[in-house]
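What follows is one structure encoded as structure tokens, with my remarks underneath.
The values are calculated or read from the model by the stated rules, or taken from the named source; none is laboratory data. The model shown is predicted, which means the values in this text are computed figures rather than measured ones. Neighbour counts run over all protein chains shown; Cβ positions are idealised from the backbone, glycine included. Please note that ligands, DNA and RNA were not included when accessible areas were found on the heavy atoms of the full protein model with its side chains. Shrake-Rupley method; radii C 1.70, N 1.55, O 1.52, S 1.80 Å.
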Amino acid sequence: MNGLVYLRNVVTLKLDQQKCNGCLMCTIVCPHDVFAIENKKAVIQNKDFCMECGACEKNCPENAITVRSGVGCAAGIINGLIRGTEPTCDCGSEGSTCC
Amino acid sequence: MSFITGQVTTSTGAVPQISTIWSNRDVLDTIKVRWSVGRMNYKVEPGIYAVGTPDENSNVFVTANFKLSFDHLRRALEGMNAWVLVLDTKGINVWCAAGKGTFSTKELIRQIDRVGLKNIVNHHKIIVPQLGAVGVSAHEVRQITGFSVIYGPVRADDIPAFIRAGMKATKEMRAVKFSFWDRLKLIPVELANGAYYLILIPALFIILSGLYPKGYSIDLAFHDGLRSVFILIVTYLTGCAVTPALLPWIPFRRFSLKGLLTGWLAALLLMYFHVLGQQTLEIISWFLMMGSLSSFLAMTFTGTSTFTSLSGVQKEMKTAVPVQIGMAGLGVIGWILAKFIVL
């Protein structure tokens, strides 16, 4: 990751290993190599690499993973505060969107 | 549509056939979009397309209807016979659209149904870009449509290798990188993001520059104003271009601290060349303003970067934003006061 790691110990990612069926899906969808498989069960190996995108949670058929997913974007958070919504990357008005 | 070269006939009707080669126009449009020109309306019609002469056994690749996403996919399919299923993501790329919920389980199911994919192919596999997994739930798609989602590589360029390996992506293909070159490509959009503030703030500085103890001077507005604008431009470039480009090599994990550091280094450089003025108060004020602005701009790059989490950015902003506002406020007050202090 050569220096491209964000803040430590803030990520909301949680894995309930009891529920895991070892399907490997989380290791496939994660863009930052957060998960590994040990003894046919998923483990979180690089928690601080997680960017809370939510792909693992969405693709876990056993609902073993939870994460508060959202955009890690300062402008999006400011937008959300101004409009009183969740952080959003909709910078413009409805229909005009950016990222 | 320059990329449509013909059509192929299927049991559900004619499907447009697309080229795998970028025309000069595609290249030019890509450059424009990278500079934010027409970015919000760079779309492809959603639906099904043919690459080469696909049949009922050919692979199906899913993508977003942002033309840049579509272009990268069709270019990667050079020499293959395949189907391309374009989802309606309102012209947003796969990853962002998945995060926003337009590249979604629901939309994928809708398009599979709408184009009659079951009648076009006789297998049950669709290849979805891995980053689409943020919005697509593979097991739900399978339950509802019968199609199994196979997550392809992150980058379309890796598709040929992925297919050759029997639809297996290597660890390398699964990882999102954020190389120097990747960051450079994103800098133009960062620069263009300032929008009308790029005119408004320099204009205010030019107007205020005319103030002096005995009233207002157009001459001063011109000379001091241009100097101020030059300083602002340097700061803007520091926050929006230099900091992102050098990101991993600048100390600190927080983007706001990275920006503060580069902003102050730029200020030191300008001070060395006497650009920040002669008065101590003005110089201090510039340090406050430059640090604040560069820090803020660097912080907004969290949204462009590929590894920051919502929890992390919220934590960072909690301390960074009050400090940035305080520094900017004190800086502006100090800078104005400096105009009324006679040495």
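Quick notes on this one:
Let's see how each residue does on (1) touching a helix residue (DSSP H, G or I) at 6+ places or on another chain (Cβ under 8 Å); (2) in contact (Cβ under 8 Å) with a residue 40 or more places away in the chain; (3) within 24 Å of B:K339 (Cα to Cα); (4) within 14 Å of another protein chain (Cβ to nearest Cβ):
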position: B:L220; (1), (2), (3), (4): yes, no, yes, no
position: B:D224; (1), (2), (3), (4): yes, no, yes, no
position: B:V229; (1), (2), (3), (4): yes, no, yes, no
position: B:P244; (1), (2), (3), (4): yes, yes, no, yes
position: B:W249; (1), (2), (3), (4): no, no, no, yes
position: B:R254; (1), (2), (3), (4): yes, yes, no, yes
position: B:G259; (1), (2), (3), (4): yes, yes, no, yes
position: B:G263; (1), (2), (3), (4): yes, no, yes, no
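- Within the range A:39-51, the residues that satisfy the criterion of being buried (at least 23 other Cβ atoms within 10 Å of the Cβ) and either within 10 Å of the chain's Cα centre (by Cα) or within 11 Å of chain B (Cβ to nearest Cβ) (or both) are A:C50, A:M51.
- Number of positions in the range B:125-154 that are out of contact with any helix residue (DSSP H, G or I) (no Cβ under 6 Å at 6 or more places or on another chain), open to solvent by 20 Å² or more (accessible area, probe 1.4 Å) and in contact (Cβ under 8 Å) with a residue 40 or more places away in the chain: 1
- Applying the criterion of at least 3 residues that are touching a Leu at 6+ places or on another chain (Cβ under 9 Å) and closer than 30 Å to B:L184 by Cα to the helices (runs of 4 or more DSSP H) found wholly in the range B:1-119 leaves B:24-34, B:94-100.
- Of all residues in the range B:296-321, those being farther than 22 Å from B:I187 by Cβ and within 7 Å of chain A (Cβ to nearest Cβ) number 7.
- Any hit, the range B:278-289, residues being assigned to a helix (DSSP H, G or I), on the phi < 0 side of the Ramachandran plot, under 20 Å from the mean Cα position of the chain (by Cα) and crowded, with 18+ Cβ neighbours inside 10 Å: no
- Of all residues in the range B:164-187 being open to solvent by 50 Å² or more (accessible area, probe 1.4 Å) and part of a helix (DSSP H, G or I), the one that is farthest from the other protein chains (Cβ to nearest Cβ): B:R164
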